Amino acid sequence: MKLTAAPLLSALFLLAGCGSPELNEKISFLPHPPVIDGQLDAGLEKLKKRDFNYIWQFDNPVTDTVPVTYRMAYTPTHLYLYIEAEADSISFRSRGFINGDGFKLLLGIPQPDSLTDEYYDMVFSASKEKGYWARKRIWEYNHSQGHGRAFSEATVFEESTSDGKSGFEALVAWKDIEPYHPWFLEAMGFNLYFAKGIGDTITNGYAVVEDEGIWDEELPRRKYQILHFEAPARGAAPALVARPRRKNLGPGAPLVLETAALGPEGGEAVLSVSLSDDSATVILKKDIRVSIGKELLKREVRLEGRDLLPGRYHLLVRSAGDTLSSNDIVVFPDFGFDAIRAALQDNKDSLKTGTVNTLVFQLNQLQQRLGRLKPYEAGADILKDWKSLEVALGLFSNGTDPYARLSGPYRRAFRSASDGTYQPYTIKLPEGYDPVKKYPLLVFLHGSGQDEQWVLNQPRSGGNFIELAPLARDIYYCYSSDSSQTDILEAIDDVVAHFSVDTDKVVIGGFSMGGYGALRTFYEHPELYRGVAVFASHPHLAGDWLGGEHPNFLEDKYLSAFSRIPVFIYHGRKDGSLPVEKAEALSSKLKKAGAIVTTRIVENKAHEYPDEEANGVYFDWLGSIIQ
């Protein structure tokens, strides 16, 4: 789904002028991490108390705002953050980081124009269940939700109330957000957003920097303030950090280790460095002596590595029993992309066009991913996908279709007739697929913020359909563009050309943004589809998100096409992202327009896919409409 601060933004109250591009004071150094219990430790009152510069009250009734402040510090191993709200209770809501209570923390690489597309957007939600999936999580990484993941146990978060105040306290481990460490980066981009729940439904939002990217995930670059860190005090407690300068290497490139050391007495430390290959065989092992000064000392150490064969390795750096760095290192081969592409085109007639298109697309994608790879990224997934592609290319060169025995889900591609680009879709064939038999086709559209690759990992049709999930060049735009609609049609045509499809039994469906997309796609070509399935969606999503003129499926003029068409509508009663009332209104309007509507509202579900029982009803509905 597209993350929105609901209700949508309507009023912005500026509390502190335009804000500064840099914080006035450097972030304080702490020799040891504080205790994390949701309350400020004794002695930490000295940390600078900072105000949020902006507050949003959205479309909510105007309420008295709650004073909120924050404090920051850092240690050699962690970033410390404490937020305090003058409220004697904490709201525990789904996705508290946007709905309240909770916060979003952004750290990024500063770029010349005060916008960055290199960042971690981290979310923390107050929750009664400590294992709640969004309690502490990396939400976005370099503008890619697909790289969202849970923190390690080294990152901790707690909330509590005391003396009429609510405290939210976090320690973010530097190792969880590489390459961010104040001893290796002169400055970081920073923003902080705190969501405070008021009563049962109201949320106020507080931010250090005014940035609509806080809730509008389609924005590729984020605003920030510059964050500087004070140097450790002379003679501070011993600290030693180390990391590889690059985690991905080209053929013949050296492996370099960066270190930073500090101690009250000076002297030396011994780093035990080992490099193992993918079979855990140690191929390099050495001890390195590093000077420790009463002030921070940094150096680079060049390790052997020019003769490493292409592959994935593991670098381990330890000192006095402590692990300082544990990282994958990838050495890439000389890929020869152009030569491979030429060979594929030269042999385009030896196998089905769909196979050639898929191989060219995968090769192009791999080359693009390699070009976007940052020095601090190992790229092990790229190497893994290259090895898989090598196998497919080998089969192709021998005249064998590498996808002939795959049931999926797997990614294919077609070459667009409109602009010649290679466009992907994911396909899943029924178990025991027989090309002699004709199968119904389910076209299922993904939600916002991600592509189509994950959609078919769970059954979407009960197993009797060929399942197709097109990308349709859309992540955030509700399948509203001409290119998106054209790609859906071309993806269907490609599946029909290469698989055994009963074209009289095609159903369109989708989740969230994809549910609106299913309505829109059916409306554009009602002659193609036997039925429509709408999961956790909104009948006027494009208009609400994008503005302008887009079909509103609560208006009669858009509903006549649905007369006598089976429509399945699913929604969770507790959906805080797209309100259930819109789904109920859509169901009512479709029935009046003559559609054959099956509605399933699940009381305890939020913005999520159906449970097993609701899925069973949906699968039965699918089976009934293709008989």
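Only one of these is outside any loop (DSSP other than H, G, I, E, B) and among the β-branched types (Val, Ile, Thr): 36, 55, 90. Name it.
Details: 36 fails: outside any loop (DSSP other than H, G, I, E, B); 90 fails: outside any loop (DSSP other than H, G, I, E, B).
From the options 36, 55, 90, the qualifying one is 55.
So, of the residues in segment 358-406 that are among the small types (Gly, Ala, Ser) and touching a residue at least 24 places away in the same chain (Cβ under 8 Å), which turns out to be farthest from residue 178 (Cα to Cα)? Give the derivation first.
To start, the set of residues in segment 358-406 that are among the small types (Gly, Ala, Ser) comprises 371, 378-380, 388, 392, 394, 397, 399, 404.
Now restrict to residues that are touching a residue at least 24 places away in the same chain (Cβ under 8 Å): 378-380, 392, 397, 399.
Working: 378: 11, 379: 14, 380: 16, 392: 34, 397: 40, 399: 44 Å.
Looking at the filtered set, the residue picked out is 399.
Anything in segment 449-507 that is among the small types (Gly, Ala, Ser), within 24 Å of residue 611 (Cα to Cα) and out of contact with any His (no Cβ under 8 Å at 6 or more places or on another chain)? List them, or say none. Working first, answer last.
We begin by selecting, within segment 449-507, every residue among the small types (Gly, Ala, Ser); these are 449, 461-463, 469, 472, 480-481, 483-484, 491, 497, 500.
This time we only want the ones that are within 24 Å of residue 611 (Cα to Cα), so: 449, 461-463, 469.
Passing the criteria: 449, 461, 462, 463.
Any chance segment 318-337 includes a residue that's surrounded by fewer than 18 Cβ atoms within 10 Å (Cβ to Cβ), in contact with a helix residue (DSSP H, G or I) (Cβ under 6 Å, 6 or more places away or on another chain) and acidic (Asp, Glu)?
Of segment 318-337, the ones surrounded by fewer than 18 Cβ atoms within 10 Å (Cβ to Cβ) are 318, 320-323, 326-328, 333-337.
Still in the running and in contact with a helix residue (DSSP H, G or I) (Cβ under 6 Å, 6 or more places away or on another chain): 328, 337.
This time we only want the ones that are acidic (Asp, Glu), so: 328.
Yes; the residues of segment 318-337 include at least one that is surrounded by fewer than 18 Cβ atoms within 10 Å (Cβ to Cβ), in contact with a helix residue (DSSP H, G or I) (Cβ under 6 Å, 6 or more places away or on another chain) and acidic (Asp, Glu).
Would you mind telling me which numbered condition in (1) among the basic types (Lys, Arg); (2) in contact (Cβ under 8 Å) with a residue 60 or more places away in the chain; (3) in contact with a Phe, Trp or Tyr (Cβ under 6 Å, 6 or more places away or on another chain) residue 460 fails?
The failed condition is (2).
Anything in segment 135-146 that is part of a loop (DSSP other than H, G, I, E, B) and at pLDDT 95 or above? List them, or say none. I'd like the intermediate steps shown before the answer.
Taking segment 135-146 and keeping what is part of a loop (DSSP other than H, G, I, E, B), we get 135, 142-144.
Selection gives 135 alone.
In this structure, does residue 92 turn out to be under 19 Å from residue 212 (Cα atoms) and under 25 Å from the mean Cα position of the chain (by Cα)? Steps first, answer last, please.
Values: under 19 Å from residue 212 (Cα atoms): no; under 25 Å from the mean Cα position of the chain (by Cα): yes.
It is false that residue 92 is under 19 Å from residue 212 (Cα atoms) and under 25 Å from the mean Cα position of the chain (by Cα).
Do we find that residue 520 is basic (Lys, Arg) and crowded, with 20+ Cβ neighbours inside 10 Å in this structure? Lay out the reasoning, then the answer.
Numbers: basic (Lys, Arg): yes; crowded, with 20+ Cβ neighbours inside 10 Å: yes.
Yes; evaluated as a whole, the condition is true for this residue.
Go through segment 194-218 and count every residue that is within 18 Å of the chain's Cα centre (by Cα) and either in a loop (DSSP other than H, G, I, E, B) or within 17 Å of residue 125 (Cβ to Cβ) (or both).
Quick first cut of segment 194-218, residues within 18 Å of the chain's Cα centre (by Cα) only: 212-218.
Subset that is either in a loop (DSSP other than H, G, I, E, B) or within 17 Å of residue 125 (Cβ to Cβ) (or both): 214-218.
Here the count works out to 5.
For segment 147-174, give me each residue that is at pLDDT below 95 and assigned to a helix (DSSP H, G or I).
Hit for segment 147-174 is 147, nothing else.
For every residue, the table says whether it meets (1) surrounded by fewer than 24 Cβ atoms within 10 Å (Cβ to Cβ); (2) at pLDDT 95 or above; (3) in a strand (DSSP E or B).
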site	(1), (2), (3)
507	no, yes, yes
574	yes, no, no
591	yes, yes, no
598	yes, yes, yes
606	yes, no, no
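Within segment 325-357, track down each residue that is of a type in the set (A, V, I, L, M, F, W, C), in contact (Cβ under 8 Å) with a residue 12 or more places away in the chain and under 14 Å from residue 393 (Cβ atoms). Working first, answer last.
The first filter runs over segment 325-357 and keeps only residues of a type in the set (A, V, I, L, M, F, W, C), leaving 329-332, 335, 337, 339-340, 342-344, 351, 356.
With in contact (Cβ under 8 Å) with a residue 12 or more places away in the chain added as a condition, the list becomes 329-332, 335, 337, 340, 343-344, 351, 356.
Listed by number, the residues that qualify are 335, 337, 340, 343, 344, 351, 356.
Please determine, by comparing only the residues of segment 219-236 that are in a loop (DSSP other than H, G, I, E, B) and in contact with a His (Cβ under 9 Å, 6 or more places away or on another chain), which one is nearest to residue 118 (Cα to Cα).
Of segment 219-236, the ones in a loop (DSSP other than H, G, I, E, B) are 219-221, 224, 228, 230-236.
Narrowing the set further to residues that are in contact with a His (Cβ under 9 Å, 6 or more places away or on another chain) leaves 219-221.
On the way: 219: 13, 220: 10, 221: 8 Å.
Among those residues, the one meeting the criterion is 221.
From the list 262, 275, exactly one residue is in the same structural domain as residue 300 (by TED's automatic domain parsing), surrounded by 18 or more Cβ atoms within 10 Å (Cβ to Cβ), farther than 15 Å from residue 298 by Cβ and of a type in the set (A, V, I, L, M). Which is it? Give the derivation first.
On the way: 262 fails: farther than 15 Å from residue 298 by Cβ.
That would be 275, the only listed residue that is in the same structural domain as residue 300 (by TED's automatic domain parsing), surrounded by 18 or more Cβ atoms within 10 Å (Cβ to Cβ), farther than 15 Å from residue 298 by Cβ and of a type in the set (A, V, I, L, M).
Residue check: is residue 459 touching a helix residue (DSSP H, G or I) at 6+ places or on another chain (Cβ under 9 Å) and more than 24 Å from residue 143 (Cβ to Cβ)? Write out each step before concluding.
Details: touching a helix residue (DSSP H, G or I) at 6+ places or on another chain (Cβ under 9 Å): yes; more than 24 Å from residue 143 (Cβ to Cβ): yes.
The answer is yes for residue 459.
The values are calculated or read from the model by the stated rules, or taken from the named source; none is laboratory data. Source: prediction; values computed, not measured. So basically every Cβ, Gly included, is an ideal-geometry build from the backbone, and we count neighbours across all protein chains shown.
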